[in-house]
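Data block below; observations after.
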Amino acid sequence: QAKADKLLSGFNAQHFYVIATRKIPVWNAGTATWVTQASRNPVWAACDLWADARYGAGRPRDDLDMPAMISLASGADARSEAFDHRFTSHQSIIEALGVAFQSIRAQPLPLWNKLTAVRDEPRSLPRLHLTDFEIIRGSFKATHRFADAIVSDAVVGQYFDETIWRMAEVSSIGTVAGLQNPTRVILQGVTKRDQAYGNVVYLDRVNRYRRKSLSLVN
């Protein structure tokens, strides 16, 4: 019997797949405790990255903004959004948290030693109000970015589809055919087509309509 060499072993490793769901601490509202269970929720994955001492930041869970995390996690469950990702390279905790939260169109916000997160969605009230006590007078600037001839005509997202077990593409306008200048993005951790479509539509609308940037000095 011949011994398998590195080439053969590497070739075979690419043809064996396992369907598995990670087990991580999930907040149980009924008992007000963390319970280890199988979960694909992006928010609980982010909380695990924040707290785990082996592969995460090893930060106390008491430093998590739990009302925000519970609200984001409930919203992700209601929209059937999941985060299925395997980190294969070293990166900072903020970068890793960004990957997890981006799958639900949210961003991590470290506040001193605390961690919260905000999802980009319609709100009835402004999130932040600044006065002359918080900014240097005259430092506020608003910059408008106008559309030009080379503006992207759509956003095309590449993701690993859970139904066909291979990479797939989804366009913000429903089709890839006929696009002249699409913006292409990789949707890390997204495996559901509906979720991928929602993300590329969001990115396309940001590119088309969010053309004003604000800056200030505090």
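The values are calculated or read from the model by the stated rules, or taken from the named source; none is laboratory data. The structure presented is a predicted model; accordingly, all values stated were derived computationally and were not measured. With ideal geometry, Cβ positions are generated from the backbone for all residues, glycine too; neighbour counts draw on all protein chains shown. Each accessible area value is taken on the protein alone, full model and side chains, heavy atoms only, with ligands, DNA and RNA left out. Shrake-Rupley method; radii C 1.70, N 1.55, O 1.52, S 1.80 Å.
Listed by first and then second residue, the pairs with beta-carbon distance under 7 Å, at least 6 apart or on different chains, first residue in segment 182-193 and outside any strand (DSSP E or B), second charged (D, E, K, R), are PRO182/ASP153; GLY189/ASP84; THR191/ASP84; THR191/ASP161; THR191/GLU162; LYS192/GLU162; ARG193/ASP161.
Looking for something under 13 Å from the mean Cα position of the chain (by Cα), within 20 Å of THR191 (Cβ to Cβ) and without any contact (Cβ under 8 Å) to a residue 12 or more places away in the chain - is there at least one such residue anywhere in segment 65-79? No. Residues of segment 47-64 being touching a strand residue (DSSP E or B) at 6+ places or on another chain (Cβ under 7 Å) and under 26 Å from LEU187 (Cα atoms), which ones? Listed by number, the residues that qualify are CYS47, ASP48, TRP50, LEU64. In segment 23-43, the residue that is least open to solvent (accessible area, probe 1.4 Å) out of those that are more than 20 Å from SER92 (Cβ to Cβ), outside any strand (DSSP E or B) and of a type outside the set (S, T, N, Q) is ALA32. When residues in segment 102-148 are screened for being at positive phi and surrounded by 10 or more Cβ atoms within 10 Å (Cβ to Cβ), 1 of them pass. Residue by residue through segment 103-162, note down the ones that are charged (D, E, K, R), assigned to a loop (DSSP other than H, G, I, E, B) and touching a residue at least 24 places away in the same chain (Cβ under 8 Å). Selection gives ARG105, ASP120, GLU134, ARG145, ASP153, GLU162.
Checked against (1) touching a Pro at 6+ places or on another chain (Cβ under 7 Å); (2) modelled with pLDDT under 90; (3) under 22 Å from VAL43 (Cα atoms), SER103 passes all but a single condition, namely (2). Which of the residues belonging to segment 114-152 are out of contact with any strand residue (DSSP E or B) (no Cβ under 8 Å at 6 or more places or on another chain) and modelled with pLDDT of 90 or more? Of everything in segment 114-152, just one residue is out of contact with any strand residue (DSSP E or B) (no Cβ under 8 Å at 6 or more places or on another chain) and modelled with pLDDT of 90 or more, namely GLU121. For GLN158, the conditions (1) under 21 Å from ALA76 (Cβ atoms); (2) buried (at least 16 other Cβ atoms within 10 Å of the Cβ) are fulfilled apart from (1).
Looking across segment 202-212, the residues that are of a type outside the set (Ser, Thr, Tyr) and over 15 Å from the mean Cα position of the chain (by Cα) come down to ASP204, ARG205, VAL206, ASN207, ARG208, ARG210, ARG211, LYS212.
Residue count for segment 170-216 under the criterion of being modelled with pLDDT of 95 or more, surrounded by 14 or more Cβ atoms within 10 Å (Cβ to Cβ) and either more than 27 Å from ARG40 (Cα to Cα) or among the charged types (D, E, K, R) (or both): the result is 2. Being of a type in the set (S, T, N, Q), open to solvent by 20 Å² or more (accessible area, probe 1.4 Å) and at pLDDT 95 or above is a description that applies to SER74.
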